[in-house]
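Working notes for the structure below.
The values are calculated or read from the model by the stated rules, or taken from the named source; none is laboratory data. Keep in mind it's a predicted model, so treat the numbers as computed, not measured. When we count neighbours, we look across all protein chains shown, and the Cβ atoms used for this are built from the backbone with ideal geometry, even at glycine. Side chains included, ligands, DNA and RNA excluded: accessible areas come from the protein's heavy atoms. Shrake-Rupley method; radii C 1.70, N 1.55, O 1.52, S 1.80 Å.
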Amino acid sequence: MTMTAAENDMFTRVGPGTPAGEMLRRYWHPIGFTKELKDRPVRKRLLGEDLVLFQDELGRLGLLGLRCPHRGTSLELGYLEDGGLRCCYHGWLFDVTGACLEQPCEPPEHNFKDKVRHLAYEVEELAGVIFAYMGPRPAPLLPRYDILVREDGIRSAWGRLMSANYFQMVENTVDQHHFRWLHRKPSSALWRNIDLESHVTDFGIRDHYSREIDGVKCTTTSYFIMPTMNKTGYHVDHDHPGSIVASHVGYEALRWRVPADDTHTIHVTVLFAPYVDGKAAELRPDGQDKGIVESPYGVYSWDESTNHLGRNDQDRAAQESQGEICDRTIEHLGFSDEGVILLRKIYREAMEDVRRGRDPRGVVRDPEQNEMIEITPSEEVTRVD
Ligand code: FES
Ligand SMILES: [Fe+2]
């Protein structure tokens, strides 16, 4: 059934008070890296709100409203000193909780500082990634996904800002048919899909995908995790799903698509390669110190050898070309869109849960469950003679 414009808004608008915005505010979201802070406050935009991220002299992380509540100057220009972030304009000083510690130009007997409280959100760091929670208190636990916690391997992470609504990027994670077309190489033979199945789990969707080419079968299991993350495993060498070579070392990836606002999305990737016989797979170089790097709209890498989009920009190009906010009133979903249909179903349920005052799917509050959350994607290659 075709979506109405109002329904499309319901999935895609992320500001305070919107159904998706309220639902997304029940989860932790990655917004940057400790390595990018470098003793300076950094401007951030998350769920349509302008914020400033910083680490005070005591190492505490803070996320405050960008504009000083005195007269609106950007706290990105402020000084990190005296136990907080001091506005550059008239010196008001705020700590990580949003308390106003000093107002140097005000008569102390007025106690005006005690009447001012600035917008402050909770932030926590895990594996060098900084996560923010912007919903009602008490905050749920920051999920300790295995590859953020494991110590038996190497990690690499980076972040990009893209010019498209987050939801069309989230839909990509459960859209298994796109592999065969978007990521093909003109020189590669197309493979035969054997089965593609999507099932709802406690935390999201499990995707199972098996394909066959030249007598070799490759079976992939990956996971979508509410509300914007997926976990995939790479245990087979292939720069294209039709060229399959078994590999003895592998790695796993967590990827988030966090709405900066309605038309921009922060894409964060964390890779983890475990040591196998003292060796780990080679990972893409770490880019945490660069922060969230803007990928200019419409500028994509090009692979001369294939005369097609470069592999790293294929998904972004397809998603940005759907429009800033994909118009779902014109779409025609078919049988092969099973994953997208399931995703929308669990998003509707999550928005309804929040409307009724319940935690949506995948929110973690049990410390025992959160020691380490293991979600294991797989890739297997077998001969099918
Ligand atoms: S505007 Fe920030 S202290 Fe005046
Ligand atoms: Fe893709």
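Observations on the model:
- Counted residues, the range 338-348 - those being touching a helix residue (DSSP H, G or I) at 6+ places or on another chain (Cβ under 9 Å) and either closer than 17 Å to LEU182 by Cα or touching a residue at least 60 places away in the same chain (Cβ under 8 Å) (or both): 5
- When the range 268-320 is limited to residues that are aliphatic (A, V, I, L, M) and in a loop (DSSP other than H, G, I, E, B), the one that is nearest to PRO227 (Cα to Cα) turns out to be LEU283.
- LEU80 vs. criteria open to solvent by less than 60 Å² (accessible area, probe 1.4 Å), more than 20 Å from the chain's Cα centre (by Cα) and hydrophobic (A, V, I, L, M, F, W, C): yes
- Count of the range 103-118 residues which are open to solvent by 70 Å² or more (accessible area, probe 1.4 Å) and within 18 Å of LEU80 (Cβ to Cβ): 1
- Residue that is nearest to VAL270 (Cα to Cα), among those in the range 282-315 that are touching a strand residue (DSSP E or B) at 6+ places or on another chain (Cβ under 9 Å) and among the hydrophobic types (A, V, I, L, M, F, W, C): LEU283
- Output for the range 367-385, where each listed residue is of a type in the set (Val, Ile, Thr) and open to solvent by 70 Å² or more (accessible area, probe 1.4 Å): THR376
- Check on THR34, under 21 Å from GLU352 (Cβ atoms) and not aliphatic (A, V, I, L, M): no
- Per this entry, ASP277 is not counted among residues that are touching a helix residue (DSSP H, G or I) at 6+ places or on another chain (Cβ under 9 Å) and at pLDDT below 95.
- Scanning the range 227-250 for residues being in contact with a Ser or Thr (Cβ under 9 Å, 6 or more places away or on another chain) and modelled with pLDDT of 90 or more gives a total of 5.
- Test: residue in the range 65-77 that is open to solvent by 30 Å² or more (accessible area, probe 1.4 Å), without any contact (Cβ under 8 Å) to a residue 12 or more places away in the chain, more than 16 Å from ligand 2 (Cβ to nearest atom) and over 19 Å from PRO104 (Cβ atoms): no
- Scanning the range 12-53 for residues that are assigned by TED's automatic domain parsing to the domain that holds TYR121 and acidic (Asp, Glu) turns up GLU36, ASP39, GLU49, ASP50.
- Whichever residue in the range 20-37 is charged (D, E, K, R) and assigned to a helix (DSSP H, G or I) and, among such residues, is least open to solvent (accessible area, probe 1.4 Å): GLU36
- Pair list, Cβ < 6 Å and 6+ apart or interchain, from the range 280-296 residues that are open to solvent by less than 100 Å² (accessible area, probe 1.4 Å) to residues that are modelled with pLDDT of 95 or more and assigned to a loop (DSSP other than H, G, I, E, B): GLN288/GLY128
- Residues that are open to solvent by 70 Å² or more (accessible area, probe 1.4 Å) and in a helix (DSSP H, G or I), drawn from the range 332-360: PHE335, GLU338, ILE341, LYS345, ARG348, ARG355
- Residue in the range 65-78 that is more than 30 Å from LYS345 (Cα to Cα), part of a strand (DSSP E or B) and away from ligand 1 (no atom under 12 Å from the Cβ) present: no
- For the range 39-56, a residue qualifies if it is at pLDDT 95 or above and open to solvent by 70 Å² or more (accessible area, probe 1.4 Å), and the qualifying residues are ARG40, ARG43, ARG45.
- So GLY17, is it more than 16 Å from ligand 1 (Cβ to nearest atom), under 19 Å from ALA127 (Cα atoms) and outside any strand (DSSP E or B): no
- Among the candidates GLU371, GLU294, GLU282, GLU352, residue that is closer than 28 Å to GLU197 by Cβ, charged (D, E, K, R) and more than 16 Å from ligand 1 (Cβ to nearest atom): GLU352
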